[in-house]
Amino acid sequence: MGNFLTGKVIAVTGAGRGIGRAVALACAAEGARVVVNDHGVSVAGAEPTSEVAAAVVKEIAAAGGEAVAVADDISTMAGGQRVVDTALAAYGRVDGVVCVAGILRERMLFNMSEEEWDAVVGTHLKGTFTVFRAASAVMRAQGGGTLIGFTSGNHQGSVAQANYSAAKGGIISLVRSAALGLHKYGVTANAVAPVARTRMSAGVPMELKEIGEPEDVAALVVYLLSDRARADKVTGQVYTIAGPKIAVWAQPRELRAAYAETPWTPERIAEFLPGTVGTDPMPLLERLEEMARAAASSARPNA
């Protein structure tokens, strides 16, 4: 076992399988006591079971670590609170939370139902909020802690997953807000946009040239939870890890601006905007035809 997280208490949502499981195991291997949360649903959001969380706790215990399971649905306020309350009841504190839990309901925007929207946004975005909200109150009193949200490269937009894309973009803004609002209390917040082989990535409609394993993602998360990251003043960041590649996303900022000497009218904007302010091209928009051809032929274009 390592010592990157010795003495820390870490709660991980979606920890029964895939990346969440790898994160929970890695945290325990680095000396943390772990709260393993997983509602146990399928990728489509059905078939809940608590067995997957309990199985990961057994793996951690077999390796000499300490862990407890909690199978609550973190898309509810009570569920998010129970994750944190479980850490407090078992170990007396919570030093980090990692929100990995997520589901998919793929559908074109014009066909998407309210239930498909609410389920995905509820699990990803609200599920991150409920745990962040409960944990941040404790961390504020403790004088420190770390919040980690999971986003995706799909926050740039998605052809058939507007719900997922919107939720992942929201998580980035939530993380940045947490970093700003909790900085004076010694709490850091960051987001991870992983590219790894999991149940969810298996359905990506393109062949990913840069992709790794859940264990690669877990290594980054362990660092972000550690005192090393705190000493390096890492907060408010979005990182991608894809096998051998690690990257940081740009902070939002104005790209170009122009000013008028008189009030704007639609006519003046039509003359002024295209050539002076212009646009910022969408890389994915340029690949739509390639992606459509691949979907029609059941092939997967390279990304």
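What to note about this one:
- Here Val83 passes the criteria (1) crowded, with 22+ Cβ neighbours inside 10 Å; (2) in contact with a Ser or Thr (Cβ under 9 Å, 6 or more places away or on another chain); (3) farther than 28 Å from Ala231 by Cα except the one numbered (3).
- For the stretch 80-106, residues that are more than 21 Å from the chain's Cα centre (by Cα) and not in a loop (DSSP other than H, G, I, E, B) total 6.
- Consider the stretch 150-169 and keep the residues that are of a type in the set (Gly, Ala, Ser) and not in a helix (DSSP H, G or I). The one that is nearest to Thr130 (Cα to Cα) is Ser152.
- Which numbered condition Val41 misses (of (1) closer than 26 Å to Val175 by Cβ; (2) modelled with pLDDT of 95 or more; (3) open to solvent by less than 60 Å² (accessible area, probe 1.4 Å)): (2)
- Pro48 meets all of the listed conditions (1) buried (at least 17 other Cβ atoms within 10 Å of the Cβ); (2) at pLDDT below 95 but one, namely (1).
- Residue list for the stretch 228-281, filter: open to solvent by 80 Å² or more (accessible area, probe 1.4 Å), closer than 30 Å to Val187 by Cβ and of a type in the set (Val, Ile, Thr): Ile246, Val248
- Among residues of the stretch 277-297, those that are of a type in the set (D, E, K, R) and either closer than 24 Å to Leu255 by Cα or under 25 Å from the mean Cα position of the chain (by Cα) (or both), counted: 3
- Some residue of the stretch 223-240 being at pLDDT below 90, in contact with a helix residue (DSSP H, G or I) (Cβ under 8 Å, 6 or more places away or on another chain) and not in a helix (DSSP H, G or I): no
- Flag if Lys184 is among the charged types (D, E, K, R) and at pLDDT 95 or above: yes
- Among the residues of the stretch 205-221, those identified as modelled with pLDDT of 95 or more and open to solvent by less than 10 Å² (accessible area, probe 1.4 Å) are Val217, Ala218, Val221.
- When the stretch 133-171 is limited to residues that are open to solvent by 10 Å² or more (accessible area, probe 1.4 Å) and β-branched (Val, Ile, Thr), the one that is nearest to Val195 (Cα to Cα) turns out to be Val159.
- Tallying residues that are open to solvent by 50 Å² or more (accessible area, probe 1.4 Å), of a type in the set (D, E, K, R) and at pLDDT 95 or above within the stretch 102-132 yields 4.
The values are calculated or read from the model by the stated rules, or taken from the named source; none is laboratory data. The shown structure was predicted, so the numbers you read here are calculated from the model rather than taken from an experiment. For neighbour counting, all protein chains shown are included, and Cβ atoms are generated from backbone atoms with ideal geometry for every residue, glycine included. Quick note on the areas: whole protein, heavy atoms, side chains included, nothing else; ligands and nucleic acids left out. Shrake-Rupley method; radii C 1.70, N 1.55, O 1.52, S 1.80 Å.
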